[in-house]
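The structure appears right after this line, and notes come after that.
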Amino acid sequence: MTAEPPPERVVARLRPHARRLVGPALFVVLVAMAGGFGFGVFRAQLAWLNAVVAGTTLFLVVLGGVVPLLRWMSERYVVTTRRLVVVHGLGTRTRRELLHSRGYDVTVRRRGLQGVWRSGDVLVFPGDDTPVVLADVPHADLVVAVLHDLVETYEARRRHREPDWDEIVGGPARPPWGDTGR
């Protein structure tokens with residue numbers, strides 16, 4: 001009788017660091033201020049210019065604020081007890097799953113000021129496949145430690161469940177070498 005593996009549980013749900021949204025938020029504020037100023041300046045003189053200012057402001061807010069927000073929201077990483085799931089994409093969604101049972105190498109890469117916020121790019125190397133990049137993950141060192149622990153836990157559980165080499169070669173009921181039973 002073999003023991004049933006424990007149910008799959010979500011360990012962490014992650015997104016890229018939220019500081020990615022600071023630039024777009026500042027851009028939206030500046031565009032709204034400039035649009036409000038332009039709308040106030042041209043309010044009395046030219047009505048059609050107000051429509052152009054309002055349309056341009058709206059276009060820039062959508063392009064510089066809403067699109068980056070949607071791109072940030074479309075990237076997510078889910079770590080479960082059995083696998084790592086990477087989902088990204090706005091128009092076309094791409095989902096990639098890496099099983100802890102297959103094993104992989106994990107590395108942290110920090111660029112620029114990522115170290116200040118304890119974030120970084122977590123690079124997952126699943127053997128011969130292309131590496132998976134968890135871009136700008138908050139608490140990158142903790143994410144790497146959790147992934148290492150999950151792979152090691154799965155490996156220990158597998159070793160405990162599988163027979164060792166002597167049982168495979170000799171079989172469980174093989175008599176000792178000198179005793180042939182004659």
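Here are the numbers:
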quantity: The stretch 139-148, subset more than 13 Å from L84 (Cβ to Cβ) and of a type in the set (A, V, I, L, M, F, W, C), residue surrounded by the most Cβ atoms within 10 Å (Cβ to Cβ); calculated: A140
quantity: Unmet requirement for R76, which otherwise passes all of (1) among the charged types (D, E, K, R); (2) in contact with a Phe, Trp or Tyr (Cβ under 8 Å, 6 or more places away or on another chain); (3) under 18 Å from A12 (Cα atoms); calculated: (2)
quantity: Output for the stretch 19-48, where each listed residue is without any contact (Cβ under 8 Å) to a residue 12 or more places away in the chain and either surrounded by 14 or more Cβ atoms within 10 Å (Cβ to Cβ) or in a loop (DSSP other than H, G, I, E, B) (or both); calculated: F42, R43, A44, Q45, L46
quantity: Output for the stretch 110-138, where each listed residue is over 22 Å from G89 (Cβ atoms), surrounded by 12 or more Cβ atoms within 10 Å (Cβ to Cβ) and in contact with a Gly (Cβ under 9 Å, 6 or more places away or on another chain); calculated: R110, Q114
quantity: Residue under evaluation L49, criteria (1) at pLDDT below 95; (2) out of contact with any Pro (no Cβ under 6 Å at 6 or more places or on another chain); (3) within 29 Å of Y154 (Cα to Cα), criterion not met; calculated: (3)
quantity: Among residues of the stretch 98-144, those that are in contact with a helix residue (DSSP H, G or I) (Cβ under 8 Å, 6 or more places away or on another chain), of a type in the set (V, I, T) and farther than 17 Å from A18 by Cβ, counted; calculated: 4
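The values are calculated or read from the model by the stated rules, or taken from the named source; none is laboratory data. All of these numbers come straight from a predicted model, not from anything done at the bench. Note: ideal-geometry Cβ built from the backbone for every residue, glycine included; neighbour counts use all protein chains shown.
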